[in-house]
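Only one structure is covered here, and it is reproduced in the block below.
Taken together, the values in this text are just the output of simple stated rules run on the coordinates, not laboratory data. Quick caveat, the model's predicted, so the values are computed rather than measured. Virtual Cβ from ideal backbone geometry, glycine too; neighbours counted across all protein chains shown.
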Amino acid sequence: MWWKKDKSDEASKPVTVAQTTPASATTGTRFLAPEVLARINSLELLARTVVEGFIAGLHRSPFTGFSTEFAEYRQYMPGDDLRYLDWKLLGRTDRYYIKKYRADTNSQLHVVLDASASMRYASGAVSKLQYAQFLGASLAYLINRQQDAVGLIAFDEKVHTHVPALARTGHMRTVFGRMEQIQPGNETALSAVLHEVAERITRRGMIVLISDLYDEPEPLIKALQHLRFKGNDVIVFQVLDKNELEFDFTEPVLLEDAETTEQLHVLPDVLAEGYRQKINEHVTRMKEGCAANKIDYELLTTDQPLDHALFAFLAKRARM
């Protein structure tokens, strides 16, 4: 992927904050924007903030029945059994909620994270990789709340991080710790890596791919078919920077390929229309290819709050 070459290309680093107010206490049914989340130095804290705020908002909204997982997660009423009171949420928010989980389904989730060089791009405060980490951590925390197993795979041109899916105590610290260490790496080999992932994961479950999907559509769709053929439920989140969709440049720019460092001087007026057509064709082909193979697909940009992605994930879980 080509992008404008300047100092702002380096992803902004998160800073430590002494205290974080739960999103539900500050934004109602909407939680913190990605550029605000980037200030939280701990992925575990970030994920907890996002998910607790999301769930609290979900069950104060018309979408209470949207997810079967949390159909019995509601505000406390006099006479409710105190065994089901969420004491941790009470301590953080002073709100009384009752939680009753479904019977353990013994399911597992693998977060498959693209950490290739193109994922470092950021036209704003948050890079594509940071956004992918925010989303991956939130999904991992959400599924772990239901006592299901969570695993992590990260890759560039090859798999370099693999945490097997487990549900035991302390495992999530490993997942969050390894996810925090991920940095943008080399060129991508997305299709080849997904074939490898399909063979690595021997037990069927849910696989969430978070990537900019910069690969040729046909081999990429075949790789996703391989994941489905192995019996997995698959959801794909294509994460792009808003600039990558809109190509919103007005002056001549120097573009640099994120993975080969090849540079090209371009006139936006000449290139923009053709570029937008190509990126829209790619997005459309991926959307159609996923639909044809019963794979859920969502396009996200790095300036969007995470609620759309979490709703999509819960919808997939509800259909399973």
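A compact table of results
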| quantity | calculated |
| --- | --- |
| Ordering of 224-235, 110-121 by packing [mean C-beta count within 10 Å, highest first] | 110-121, 224-235 |
| Bins of 10 Å from zero: percent of alpha-carbon pairs in segment 127-259 | 11, 40, 34, 12, 4, 0 |
| Beta bridge orientation in segment 106-319: antiparallel %, DSSP, nearest 5 | 25 |
| Packing-based exposure ordering (other Cβ within 10 Å, fewest first) of Thr174, Thr93, Thr284, Thr169 | Thr169, Thr284, Thr174, Thr93 |
| Calculated FRET value between Asp80 and Glu35, using beta carbons and R₀ = 35 Å, to 0.05 | 0.35 |
